[in-house]
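Asker: Please read through the structure below; I'll follow up with questions.
The values are calculated or read from the model by the stated rules, or taken from the named source; none is laboratory data. Bear in mind that the values here come from a model prediction, so they are computed numbers and not experimental data. Here the Cβ is made from the backbone with ideal geometry for all residues, glycine too, and neighbour counts use every protein chain on show.
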Amino acid sequence: MLYNAILCYMKNIIKELEKYRLENRISQVELASELDVAFCTVNRWFKERNQPNQIQQYHINKILQKRRKQNDKERKIKH
């Protein structure tokens, strides 16, 4: 049960990372560079062949938190 919850969480993180990549119009190569991992690592995440390790998850979360804060600021400006 816990294993399934972790898998679901990781799939959501990867989907959010893909959304970040597409919205910012960056390639998988550029994203890999930003996360300091190889292109093939990022590619495997998106193809669900592999999952980020704990250190990679930490850096992914940092990027996504920055994005969330930026989105929150933009919403406040619009209102």
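Asker: Considering only residues that are over 19 Å from Tyr9 (Cα atoms) and of a type in the set (Asp, Glu), which ones fall in the stretch 28-57?
Answerer: Glu30, Glu34, Asp36
Asker: To continue, here is another question. Among the residues of the stretch 50-68, what is the count of those that are surrounded by 15 or more Cβ atoms within 10 Å (Cβ to Cβ), within 16 Å of Asn24 (Cβ to Cβ) and modelled with pLDDT under 95?
Answerer: Count: 3.
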